[in-house]
Amino acid sequence: MVPGRFVPTLFGSALFGLALAAPATAADCKQSHAIYGDRDGGYELRFEPVSSASAATSNHFKVAVLKAGLLLDGIVMPAGEPERATGLIVHNCPEGDATGEELRACTVWQGVVYAINRAGAVSEIPAETEPAAEQLLLPDFGPSLRASSAWGKGKAEADSWDSFTLKGCAA
């Protein structure tokens with residue numbers, strides 16, 4: 001895992017805005033470049049291509065906590081029985097092999113990641129080379145932010161919704 005890092009609020013927001021291209025439709029944007037926002041504009045999910053060294057994961061993304069100026073790391077990987085697209089959002093995880101206890105201590109959210117299309121049909125998140133989902137649903141994401149000890153009490157000043165809508169595509 002890449003450790004989370006502090007980014008000053010104005011600087012972090014500006015960086016996220018610079019790479020933001022004109023609003024995209026899902027058909028025009030690959031999942032690996034999709035940018036999603038929550039309803040209140042406090043959180044942003046920015047997808048990025050998966051490096052070849054991370055073959056066990058299907059998607060990578062950053063979560064920007066815009067008011068706190070934090071970036072959290074996220075991955076999606078097949079897991080469970082039956083196998084589903086399971087997401088993991090972490091902050092300041094140790095690099096390299098981490099023990100289960102270390103991973104639990106730095107985990108902010110874990111759960112199934114669902115894609116929702118314009119008609120409201122629910123499916124798994126698309127692979128990084130496929131057209132981006134219109135919306136993503138991360139069940140219990142908001143409550144997990146408030147309850148997590150992985151990033152310190154009081155960091156989730158703004159609540160987040162569990163759903164995120166496609167708002168752009170990185171160049």
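Just so it is clear, none of the values below were taken in a lab; they were calculated from the coordinates. Values in this document were obtained by computation on a predicted structure and should not be read as measured data. Reconstructed Cβ throughout: ideal geometry from the backbone, glycine too, with neighbour counts over all protein chains shown.
For the pair A121 and D40, a Förster radius of 30 Å applied to the C-beta separation gives a FRET efficiency near 0.75, rounded to the nearest 0.05. Here segment 98-153 is assigned +1 on the Cβ of each Lys and Arg and -1 on the Cβ of each Asp and Glu. Its dipole about the Cα centre then comes out at about 320 debye.
Taking K and R as +1 and D and E as -1, what net charge do the other residues with C-beta under 14 Å from the C-beta of L103 add up to? Display every interim value, and only then the final one.
Numbers: positive: R104; negative: D73, E95, D97, E101, E102.
Net local charge, L103 excluded: -4.
For R84, the residues whose amide H sits under 5 Å from its own are A79, ignoring neighbours fewer than 5 places away on the same chain, with H placed 1.01 Å from N.
The peptide list 127-137, 34-44, put in order of mean Cβ contacts within 10 Å with the highest first, becomes 34-44, 127-137.
Calculated translational diffusion coefficient of segment 77-134 (4 °C, 1.567 mPa s; Stokes-Einstein with Kirkwood radius over alpha-carbon pairs) equals 98 µm²/s.
What full-extension length gain, to one decimal in nm, is calculated for E48 and A171 as 0.36 nm per residue of separation minus the Cα-Cα distance? Before the final figure, lay out the partial values.
Values: separation 123, 0.36 × 123 = 44.28 nm, distance 1.06 nm.
In short, 43.2 nm is gained.
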